[in-house]
1. In Å², and per residue, what accessible area does region 1-130 have when probed at 1.4 Å with the other protein chains present?
2. Using the charge dipole of the chain (Lys, Arg: +1 at Cβ; Asp, Glu: -1 at Cβ; taken about the Cα centre), state which of L8, G149, P128 has its Cα farthest towards the positive end.
3. Give K46/K163; K46/K144; K46/K86; K131/K154; K46/K147; K86/K185 a once-over and call out the pairs whose C-alpha atoms are over 31 Å from each other.
4. Can you give the log10 of the normalised intensity I(q)/I(0) at q = 0.27, 0.28 Å⁻¹, computed with Debye over equal Cα scatterers of region 89-131?
5. Considering the options A138, M102, L176, tell which one lies farthest towards the positive end of the dipole of the chain, charges being +1 on Lys and Arg and -1 on Asp and Glu at the Cβ, about the Cα centre.
6. Can you show me the helix-derived [θ] at 222 nm for the chain, built from DSSP H runs with n ≥ 4 at -39,500 (n - 2.57) apiece and divided by the number of residues, rounded to the nearest 500.
7. Dipole size in debye (nearest 20) for the chain around its Cα centre, Lys and Arg Cβ +1, Asp and Glu Cβ -1?
8. Starting from 0 in steps of 10 Å, tell me what percent of the Cα-Cα pairs of region 112-196 lands in each bin.
Amino acid sequence: MSSFFAFLKRMRFINRWSLMRNTEIENIQEHSLEVAMVAHNLGAIKNEYFGGNVDINKVAVIAMYHEVSEIFTGDMPTPIKYFDPKLRELYGEVETLAQEKMLSTLPDRLQSVYKPILVDAEASPEWPLVKAADIISAYMKCVKELKAGNDEFKEAHDSILAKLKNLNMPEVDMFLEIYLPALGKSLDELNYYEIK
């Protein structure tokens, strides 16, 4: 018996942004799918526009699993995670233990397939795109919350946007230019926007 998928099903119970008032709750399962979609697109932009040679499917798979450690740790809010370097280091160790625990729930013959995705992802050349997609996902959440009138996300919006600009990744800049203007639009506005 393997508990791998039983644990994965629990991702939907772990909410993000727990210290902030949210107009719309976001869990790590839906967040992971969004990050996978964004990372896949970033890889495609990198390949098609900037001469990259990224395996965009691998990028998407790593992104799908990038939060699995939180099944065991929960989603630690950013201000707490980065409050002190010692705390960040300890949390990093806990994340590694949680990733290894998740890997151990798979049948032995599958563990070598999943180890690069679950445990060693940050060492892969695809990781910067996954990390950028994770930040973009957080930024998109802030945009949606601000559009809904929730000023609680104003500071996060500004600091995350600055972080995105400081990545110096042309594929990220292009993603923001192409997709972000439509993000705050209503469905009617989006339909009109696409027709034009």
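1. Heavy-atom SASA per residue in region 1-130 reads 59 Å².
2. It is L8.
3. Working: K46/K163 19 Å; K46/K144 26 Å; K46/K86 35 Å; K131/K154 22 Å; K46/K147 29 Å; K86/K185 42 Å.
Result: K46/K86; K86/K185 exceed 31 Å.
4. -0.96, -0.98
5. Of the options given, the answer is M102.
6. On the way: 11 runs with 133 residues, N = 196.
After summing the helix terms and dividing by the residues of the chain, the value is -21000 deg cm²/dmol.
7. Working: 22 positive and 30 negative charges, 52 e Å.
Computed charge dipole of the chain: roughly 260 debye.
8. Bins of 10 Å from zero give 15, 37, 29, 15, 3 percent of pairs.
The values are calculated or read from the model by the stated rules, or taken from the named source; none is laboratory data. As the structure is a computational prediction, the values presented were derived from the model and not from experiment. Backbone-built Cβ (ideal geometry, glycine too); neighbour counts: all protein chains shown. Side chains included, ligands, DNA and RNA excluded: accessible areas come from the protein's heavy atoms. Shrake-Rupley method; radii C 1.70, N 1.55, O 1.52, S 1.80 Å.
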